[in-house]
């Protein structure tokens, strides 16, 4: 068993998210982000011990598309590099484990997605069970509408409450220069809009977004040297629901709850988080996540102060951005303890939860609570 190590987010950068980047390749979209995140640390790409990326060949429409993005990193002389066909949050998980095991001291994690290149709801249908469900071609919005209907029928929410989530999220994004949608009309005005798939209106669905993000991780004293206020990762875990939608309770997310428990979110001694960045591409999914993460409707936790995925949703980068936004609030002194969530698949099928904290006041070092299980591989192994 390898002893746990302290690991922190020391830098975060992202693009200004837009509906379409027609004149840019993935490399051209990514390169300024990589320069920004490395510039914050004063490091060159060749000084990073491990690089990991997250993206999807389905979005690009060509096999091994992620190899072209390496031109933006600079893969010569040869670097230690890996890739996950998932949101960048799962690439960050791999890099975190790499540092925990002592195989790296620093890591660069980046992800990108040009969602505008095709019909996104239909592209996401390829995530479904290939034998029984995918041949029916249910798109991602229709499946989310089924989940929203289940929540309404269970009495957990209604269309007005969902519109309130949309309005709050996009109002929170008003001061976020990177967000695609900033500011919202009143709830009554939103409710007069058309349905995309009942009971979901246009405002209930995240916009189609092109964008990229990058994070630098570092261990212990290296993190303290690279950042005046590192955001320490106290725990991280990811879990998956059954593949078949028919055997799941769509009003709940046991995988999110278990991941949060394993990551140490429910540690009573630490207290509730003051920030929650939730990857909820549909308003109804925030209802499910609040319940699973025990956030309630109180004033103790600021939920998606960046605007969340409802303000900008670059597929394959939106989850990594949730971790980056949570870390940025900690580094800026606006948050003491934060939870970040990422999801992939239909109706919150796969979920990752990370708990981040600031360095305790008056303490020279943090603790590594919640990391021991992942360090020896006994919990949180990739599915």
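Could you list 282, 50, 64, 12 in order of exposure, starting from the residue whose Cβ has the fewest other Cβ atoms within 10 Å?
With the sparsest Cβ surroundings first, the list reads 64, 50, 12, 282.
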Degrees, to the nearest 10: 283-292 long Cα axis against longest axis of the chain: 60
DSSP beta bridges in the chain [antiparallel fraction, %, rounded to 5]: 70
Span from the region 54-124 Cα centroid across to the region 285-305 one, whole angstrom: 29
Anisotropy class of region 1-139 from Cα gyration tensor, a/c 1.5 cut: oblate
Proxy reagent accessibility, fewest Cβ within 10 Å first, across 58, 110: 58, 110
Sites residue 103 and residue 191, calculated FRET efficiency, Cβ-Cβ separation with R0 41 Å, nearest 0.05: 0.20
Cα-based helix-to-principal-axis angle, 140-153 vs the chain, degrees rounded to 10: 70
Per-residue Cβ neighbour rank within 10 angstrom, fewest leading, 297, 204: 297, 204
In degrees, nearest ten, helix 26-41 long axis to first principal axis of the chain (Cα): 50
Label-point separation in nm, residue 175 to residue 64, each point 7 Å along Cα→Cβ: 4.7
Set of region 278-311 residues, backbone N closer than 18 Å to the point 7 Å along the Cα-Cβ line of residue 153: 284-285, 288
GNM result for the chain, Cα springs below 10 Å: residue of 49, 274, 129 fluctuating most strongly: 129
Region 250-277-region 171-195 distance, computed between alpha-carbon centres (Å): 28
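Taken together, the values in this text are just the output of simple stated rules run on the coordinates, not laboratory data. Source: prediction; values computed, not measured. No Cβ is skipped: glycine too gets one built from the backbone with ideal geometry, and neighbour counts run over all protein chains shown.
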